[in-house]
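Since the structure comes first, as structure tokens, the remarks are kept for the end.
The values are calculated or read from the model by the stated rules, or taken from the named source; none is laboratory data. Owing to the predicted nature of the structure, the values given are computational and were not obtained by experimental measurement. In this analysis, Cβ positions are derived from the backbone assuming ideal geometry, glycine residues included, and neighbour counts consider all displayed protein chains. Surface areas here come from the heavy atoms of the whole protein model, side chains and all, with no ligands, DNA or RNA. Shrake-Rupley method; radii C 1.70, N 1.55, O 1.52, S 1.80 Å.
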Amino acid sequence: MSLKELVETARAMVDNNKGLLAMDESTPTCNKRFAPLGIPQTPETRRAYREWIVTTPGLSEFISGAILYDETIRQHLGDGTPFAEALSNAGIIPGIKVDAGAKPMAGHPGEKITEGLDGLRDRLAEYSLMGARFAKWRAVIAVAEGLPSRGCIEANAHALARYAALCQEAGLIPIVEPEVLMDGDHTLERCRAVTEETLHSVFHQLYGQGVALEGMILKPNMVVPGLGCPRQEPVEEVADTTVQCLLRVVPAAVGGIAFLSGGQPAELASARLSAMNARFRHRLPWPLTFSFARAIQQSALEIWKGEERNVPAAQQTLFSRARDNRDARRGEYRMAV
Ligand code: 13P
């Protein structure tokens, strides 16, 4: 695939004030979301969950692409349509999570390294044949006393860059996701410093691996204080700090930036994204949008509870969370007070 085609796909993923839906929870993570709601943790309930999500009427008004998990891309809707085809038919670009998860990192207590490079070239070719047009790889960076280590940041950045190069070789857009975690009581300033160092290392490695920045999407965390930090800055301060951090380290050529929600309250994630777009939209070299999982799905999942009769109400909630985030993308979302 030519660079021009990659660039066109990357643009389509962030165009028209739309964003991405991350519905790619691994089986353990999906089960973890189901457990407190008493939803059976089976392949069939996970399939049924994903089916009502992708068949939500009108979802493509706000969602340009959806990230699937390996189990889901091999499953079908009730009418026999494979998930990737169902998304394409609905006007939503199908993508696929391709990392094999974050595992404890040798010699680095409390830190993780994302695995999945071995055999990735073949898996990407298979996913491409199944209809995927982009991929996702998530690295996690923990913040604590003495963490993150330089070794953890560099190893994860290197893996992200090798994954991204393989994706572009296969004609898939890489979503590059280095997530600085919100767990802990660290301050906003500490998150800013760690995010800046991490992104700096990621772009250094992407350059080293020859990744075309126009043909990738960055999926970063917002710069936020730790969940346990007593001082939680107002929305505008989070927006300003996040944008300032990104402007310092993300090259202007990058195709787009789509934030993860990372366990923020859903409405707060939307309000922060909205403030960034309202305050900086005309000064940014890249579109700023969303690639949320929890901040789009969680409230709808809590309504569904695994019951067929709750599907219409759950779809309505999913639709309105997607619309809220489209509004945030435009800088027009206001949190209800
Ligand atoms: P959250 O929006 O729930 O953080 O999930 C985004 C994601 O894709 C994590 O990899």
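Regarding residue 198, is this residue open to solvent by less than 10 Å² (accessible area, probe 1.4 Å), within 19 Å of residue 105 (Cβ to Cβ), hydroxyl-bearing (Ser, Thr, Tyr) and touching a strand residue (DSSP E or B) at 6+ places or on another chain (Cβ under 9 Å)? First the steps, then the outcome.
Numbers: open to solvent by less than 10 Å² (accessible area, probe 1.4 Å): yes; within 19 Å of residue 105 (Cβ to Cβ): yes; hydroxyl-bearing (Ser, Thr, Tyr): yes; touching a strand residue (DSSP E or B) at 6+ places or on another chain (Cβ under 9 Å): yes.
Yes; evaluated as a whole, the condition is true for this residue.
Residues that are of a type in the set (S, T, N, Q), in a helix (DSSP H, G or I), in contact with a Leu (Cβ under 7 Å, 6 or more places away or on another chain) and more than 19 Å from residue 233 (Cβ to Cβ): does the range 303-318 have at least one?
No, because not a single residue in the range 303-318 is of a type in the set (S, T, N, Q), in a helix (DSSP H, G or I), in contact with a Leu (Cβ under 7 Å, 6 or more places away or on another chain) and more than 19 Å from residue 233 (Cβ to Cβ).
Is it fair to say residue 2 is farther than 30 Å from residue 144 by Cβ and polar (S, T, N, Q)? Walk me through it before giving the result.
Working: farther than 30 Å from residue 144 by Cβ: yes; polar (S, T, N, Q): yes.
In short, yes.
In the range 260-267, is there at least one residue being out of contact with any His (no Cβ under 9 Å at 6 or more places or on another chain), over 24 Å from residue 25 (Cβ atoms) and within 16 Å of the ligand (Cβ to nearest atom)?
no
Could you look through the range 66-107, keep only residues that are over 20 Å from residue 14 (Cα atoms) and basic (Lys, Arg), and pick out the one that is farthest from the chain's Cα centre (by Cα)?
Here the residue is 74.
Of everything in the range 226-259 that's in contact with a His (Cβ under 7 Å, 6 or more places away or on another chain) and in a loop (DSSP other than H, G, I, E, B), which residue is nearest to the ligand (Cβ to nearest atom)?
226
Taking the residues in the range 138-158 that are open to solvent by 10 Å² or more (accessible area, probe 1.4 Å) and under 17 Å from the mean Cα position of the chain (by Cα) as candidates, determine which candidate is farthest from residue 206 (Cα to Cα).
140
Condition test on residue 12, is it out of contact with any helix residue (DSSP H, G or I) (no Cβ under 9 Å at 6 or more places or on another chain) and away from the ligand (no atom under 16 Å from the Cβ)?
So residue 12 passes the test.
I'm trying to understand the selection: among the residues of the range 157-182, which are within 14 Å of the ligand (Cβ to nearest atom) and touching a residue at least 60 places away in the same chain (Cβ under 8 Å)? Spell out the reasoning first.
Pass one, the range 157-182, residues within 14 Å of the ligand (Cβ to nearest atom): 160, 163, 174-182.
Selection gives 163, 175, 177, 179, 181, 182.
Could you give every pair whose Cβ atoms fall below 7 Å, whose first residue belongs to the range 207-222 and is open to solvent by less than 10 Å² (accessible area, probe 1.4 Å), and whose second residue is among the small types (Gly, Ala, Ser) and part of a loop (DSSP other than H, G, I, E, B), counting only separations of at least 6 or pairs across chains?
Listed by first residue and then by second, the contacts come to 215/255; 216/255; 217/255; 221/262.
Which residues, taken from the range 284-328, are touching a residue at least 12 places away in the same chain (Cβ under 8 Å), away from the ligand (no atom under 15 Å from the Cβ) and among the basic types (Lys, Arg)?
Residues satisfying the conditions are 305, 323, 326.
May I ask you to say which residue of 59, 6, 77, 21 is in contact (Cβ under 8 Å) with a residue 12 or more places away in the chain, aliphatic (A, V, I, L, M) and surrounded by fewer than 20 Cβ atoms within 10 Å (Cβ to Cβ)?
Residue meeting the stated conditions: 77.
Does residue 332 meet the test of being of a type in the set (Asp, Glu), more than 11 Å from the ligand (Cβ to nearest atom) and either within 17 Å of the chain's Cα centre (by Cα) or not in a helix (DSSP H, G or I) (or both)?
Details: of a type in the set (Asp, Glu): yes; more than 11 Å from the ligand (Cβ to nearest atom): yes; either within 17 Å of the chain's Cα centre (by Cα) or not in a helix (DSSP H, G or I) (or both): yes.
Against the criterion (of a type in the set (Asp, Glu), more than 11 Å from the ligand (Cβ to nearest atom) and either within 17 Å of the chain's Cα centre (by Cα) or not in a helix (DSSP H, G or I) (or both)), residue 332 qualifies.
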